[in-house]
Amino acid sequence: MRKALKAEAPVIFFVNGIGDNILNLPALRALGALFAGGLSLICSGSDSLFVFDDLPLKRAIKIRVETSASGREFDADAVAAETGNCDLFLSLVPWHSKSLTRLVEKLRPQMSVGFFSNYDIRMPLNFDQHTSELAFDLVRLFDARSRLQDFTAPPCYPNEVRAEARKLREQLSPGAKVLAVHADTGQKKMWDGVKLMQTLDTFLGLNKEFTVLLVGRSPQPLDCGLYGDRVIPCYGLPLPISMALVTEADFFLGIDSCMLHAADFAGVPSVGLFGPTSAAEFGFIVGPHIAIQAPHTMAEIEVPDVTDALESLLAEPHQFTVRYLSTPHVEKRKQGI
């Protein structure tokens, strides 16, 4: 592998969800350091690409991916033409498709590394470990001494974004503490809105110094409870500002999402709610937290589960805890073939 580190035109392929961009930052940062800024990154052109701003890249090649019944497809020939010379191809994505196979064939690298059988070096696709660790396994292939925890700094937010987030926070009453709340994502990962509003009522009733800031894209009617005057909707903000607002909060409550990962990497004490997805695979890796893991669905999480977790975290904000509501039966993803 020492020879591979001397590659003149290494290329990383990483196209995944917004939250995955944060979770894979440690691996991308480590690989950028190993290849001394000579890496080209093939990525999606989403509004979360600002999280890659601190990567020591030679260039970023933004592509458009369409998801269909056949998988994630793109114009492999066009991407190969734009990429040009490639002597080392590294794939960090835990998926494969005809387009991705075609891209590797067109680039014809001297060596390819990924999680499936079409690569020269096939990494184990072990979903029993955290997804950040899974990506970092590829880093360890080149440097066994690399440590994930050395690359877990928060995303690099543009100065104007941080300034806007702080400006919003400064509009609150002097001395007010902030609980940032994120509730909207894919339907299966969302928690019942009535239960969440009841949770906020209980929390705000017990903690008069707190104001809740609601972040996200889809407005949720969570400011209609007993203390709605202390629940401020911040929906529809540009994604970087919403994420920066989370990093400025004193505490965070949310579902499995990019906002949870933003809070985690910023070290904001957090309560995370998990049902169909696994906290062990997609949960916290950096900051203090209580992760609540339901056995099957989000409907199994009740108001006392969350209010108790919030109060426990307030009392002991440096804990790292996973609370299983019963024997976990979260469906495991299949191993790659």
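Residues of segment 157-175 that are surrounded by 14 or more Cβ atoms within 10 Å (Cβ to Cβ) and of a type in the set (A, V, I, L, M, F, W, C): 161, 165, 168, 172.
Please work out if residue 115 is of a type in the set (Phe, Trp, Tyr) and closer than 19 Å to residue 10 by Cβ. Can you show your working first?
Numbers: of a type in the set (Phe, Trp, Tyr): yes; closer than 19 Å to residue 10 by Cβ: yes.
Spelling it out, residue 115 is indeed of a type in the set (Phe, Trp, Tyr) and closer than 19 Å to residue 10 by Cβ.
Taking the criterion of being under 27 Å from residue 142 (Cβ atoms) and in contact with a helix residue (DSSP H, G or I) (Cβ under 6 Å, 6 or more places away or on another chain), the residues of segment 60-78 that qualify are 61, 63, 74, 76.
Within segment 229-246, residues that are farther than 18 Å from residue 185 by Cα reach no partner that is among the polar types (S, T, N, Q) and surrounded by fewer than 18 Cβ atoms within 10 Å (Cβ to Cβ) with beta carbons closer than 7 Å at six or more positions or on different chains. Scanning segment 128-142 for residues that are more than 21 Å from residue 263 (Cα to Cα) and touching a helix residue (DSSP H, G or I) at 6+ places or on another chain (Cβ under 6 Å), we see that the one that is surrounded by the most Cβ atoms within 10 Å (Cβ to Cβ) is 139. Given the condition within 26 Å of residue 317 (Cα to Cα), touching a residue at least 12 places away in the same chain (Cβ under 8 Å), aliphatic (A, V, I, L, M) and surrounded by fewer than 19 Cβ atoms within 10 Å (Cβ to Cβ), answer yes or no: does some residue in segment 186-205 qualify? Checked against the condition, which is being within 26 Å of residue 317 (Cα to Cα), touching a residue at least 12 places away in the same chain (Cβ under 8 Å), aliphatic (A, V, I, L, M) and surrounded by fewer than 19 Cβ atoms within 10 Å (Cβ to Cβ), segment 186-205 yields no hits at all.
Listed conditions (1) in contact (Cβ under 8 Å) with a residue 40 or more places away in the chain; (2) buried (at least 18 other Cβ atoms within 10 Å of the Cβ) are all met by residue 84, apart from (2).
For the subset of segment 317-337 comprising residues that are in a loop (DSSP other than H, G, I, E, B) and either over 27 Å from residue 129 (Cβ atoms) or among the aliphatic types (A, V, I, L, M) (or both), which member is modelled with the highest pLDDT?
So the first thing to find is which residues in segment 317-337 are in a loop (DSSP other than H, G, I, E, B), and the list is 317-319, 325-337.
Adding the requirement that they be either over 27 Å from residue 129 (Cβ atoms) or among the aliphatic types (A, V, I, L, M) (or both) leaves 325, 330, 337.
Numbers: 325: 97, 330: 49, 337: 39.
Across segment 317-337, the extreme among qualifying residues is 325.
Checked against (1) over 16 Å from residue 18 (Cβ atoms); (2) surrounded by fewer than 24 Cβ atoms within 10 Å (Cβ to Cβ), residue 277 passes all but condition (1).
The values are calculated or read from the model by the stated rules, or taken from the named source; none is laboratory data. What you see is a predicted model, and the numbers here were worked out from it, not measured in a lab. Cβ coordinates were reconstructed from backbone atoms using ideal geometry, including for glycine residues, and neighbour counts include every protein chain displayed.
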